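The values are calculated or read from the model by the stated rules, or taken from the named source; none is laboratory data. Bear in mind the structure is a predicted one, so any value in this text is a computation, not a measurement. Don't worry about glycine lacking a Cβ; one is built from the backbone with ideal geometry, like all the others, and counts go over all protein chains shown.
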Amino acid sequence: MSGPASAPATPITERRQLVEYLSRGSRPAAEWRVGTEHEKFAYTLDDLRPLPYDGPRGIEAVLTALQRYGWQPYYENDKLIALTLDGQSVSLEPGGQLELSGAPLETIHQTCDEVNTHLRQVKEIGQELNIGVLGVGFNPKWRREDIPVMPKGRYAIMKAYMPKVGSLGLDMMFRTCTVQANLDFSSEADMVRKFRVSLALQPIATALFARSPFTEGKPNGFLSYRSQIWTDTDNQRSGVPAFAFEDGFGFERYVDYLLDVPMYFVHRDGRYIDASGQSFRDFLDGRLPALPGAVPTIKDWADHVTTAFPEVRLKSYLEMRGADTGGWAGLCALPALWVGLLYDQGALDAAWDMVKDWRHEEVLALRNAVPREGLKARLRDTDVRTLAGRVLDIAAAGLAARDRRNSSGDNETLFLQRLRQVVETGKTPAEDLLDRYHKEWGGEIDPIFTECAY
């Protein structure tokens, strides 16, 4: 999740400004970058409990220690809640999950180096504080009421609002972790093509990265319970939007969608004002109940854009949101998959040919089947395992065509190896964990905190 947006406080006087906020992301291919974001659970090594905010082994202590590496602090109401460094940020999710939001980088080699540097820093601090960090999509052991709440104003508003619109929203906030890739587009037409392709293929990514089969110490019947949670979080702002499959989809249509997404808050003078359930359309007209007579700024719009949670989200770039967080290799594989599919024209054309006749209802049905069935889910007469093999072939061709090499002369296709293993074995990461749970772990969940630790 995001903090306050970094955008100008320019008053919004016409709809054109809303569209321009999204369209300004268009840039030539030579300027395309990839950003990788990932979350992980932090816990104490002696009792495996999630970290509180305060205390000698709390989240605040971790953020404070990270500053030795040059990270700069960011405060909200005198609480240290984030760090920034060279276009990167480390921030807090509602239940204390630590998130790295990476800088926009040219290659997967660079973004993987960034991820590895961050995890190495966190691990060094963890050894000093006797804490660990875990890479799975859903907290495997602790109940919702066991999770400390982080001191960020927007989370208090969301915590109160979520139970009004879905039964699993609080689980999404406090017990899930994801990895996502952020990518650029060159024009509205390019955005539309990339949005449709990535939205159609998002269930494939969900299956390949599925890594959340446990709830409160037991198998939960799902392979990606994190993905399942989004089906009953808040359907007004999440899921697979049908309009993306319709003629006429573009920046204007996405603005219409965002205007129909109920608000959470307005950020003013360092504090969050509760506007949950209210309408940004009313805000544009100066009729927002939370701020009577006030009109929104571009910063307010930028904040509101972050409160929509479709499987692919449009800001001034595209966010791929379908994957559980995973191991070290998985954190590099996710951006490699999407860069391979979307950043080479031949690969994008091949991916489009694959999905261009997929209907919204088919994609939605696949998206809803994958959390439980994984690679065995089917679209028409083909299972996801077969589809995933085709997708990886396209992505590998795209990465090979880019031909971005590291100092050893390897191109970016090496980052797809972990996903190739998933397809070749026909077993998702979640199924690997379930096998270990039932065999060498002896039906106990605690070994996951060692075997899936970074």
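Just a few scattered comments:
- Some residue of the range 147-156 being among the aliphatic types (A, V, I, L, M), in contact with a helix residue (DSSP H, G or I) (Cβ under 9 Å, 6 or more places away or on another chain), surrounded by fewer than 18 Cβ atoms within 10 Å (Cβ to Cβ) and modelled with pLDDT of 95 or more: yes
- Residues in the range 38-59 that are in a loop (DSSP other than H, G, I, E, B) and of a type in the set (Asp, Glu) were compared, and the one that is surrounded by the fewest Cβ atoms within 10 Å (Cβ to Cβ) is ASP47.
- Of the residues making up the range 339-352, not a single one is out of contact with any Gly (no Cβ under 8 Å at 6 or more places or on another chain), under 30 Å from LEU387 (Cβ atoms) and in a loop (DSSP other than H, G, I, E, B).
- No other residue among ARG237, ARG253, ARG268 is at pLDDT below 95, more than 30 Å from LEU416 (Cβ to Cβ) and not hydrophobic (A, V, I, L, M, F, W, C) apart from ARG268.
- Test: ALA275 is under 19 Å from ASP234 (Cα atoms) and crowded, with 17+ Cβ neighbours inside 10 Å: yes
- Qualifying residue in the range 221-229 (condition: touching a Leu at 6+ places or on another chain (Cβ under 7 Å), over 21 Å from HIS360 (Cβ atoms) and of a type in the set (Val, Ile, Thr)): yes
Conditions tested, residue by residue: (1) modelled with pLDDT under 95; (2) under 23 Å from the mean Cα position of the chain (by Cα); (3) of a type in the set (Lys, Arg).
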position	(1), (2), (3)
SER6	yes, yes, no
TRP32	no, yes, no
LYS40	no, yes, yes
TYR53	no, yes, no
PRO56	no, no, no
ALA61	no, no, no
LEU92	no, yes, no
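- Tallying residues that are in contact with a Gly (Cβ under 6 Å, 6 or more places away or on another chain) and either crowded, with 20+ Cβ neighbours inside 10 Å or hydroxyl-bearing (Ser, Thr, Tyr) (or both) within the range 234-264 yields 1.
- TYR225 meets each of the listed conditions (1) under 27 Å from TYR155 (Cβ atoms); (2) surrounded by fewer than 24 Cβ atoms within 10 Å (Cβ to Cβ) apart from (2).
- Those strands (runs of 3 or more DSSP E) of the range 60-115 in which at least 2 residues are out of contact with any helix residue (DSSP H, G or I) (no Cβ under 8 Å at 6 or more places or on another chain) and surrounded by 19 or more Cβ atoms within 10 Å (Cβ to Cβ), considering only elements entirely within it, cover 88-92, 98-101.
- Residue match in the range 176-184 (condition: farther than 25 Å from PRO94 by Cα, touching a residue at least 60 places away in the same chain (Cβ under 8 Å), part of a helix (DSSP H, G or I) and among the acidic types (Asp, Glu)): no
- Under the condition of being surrounded by fewer than 13 Cβ atoms within 10 Å (Cβ to Cβ) and within 21 Å of GLY132 (Cα to Cα), the residues counted in the range 422-445 number 1.
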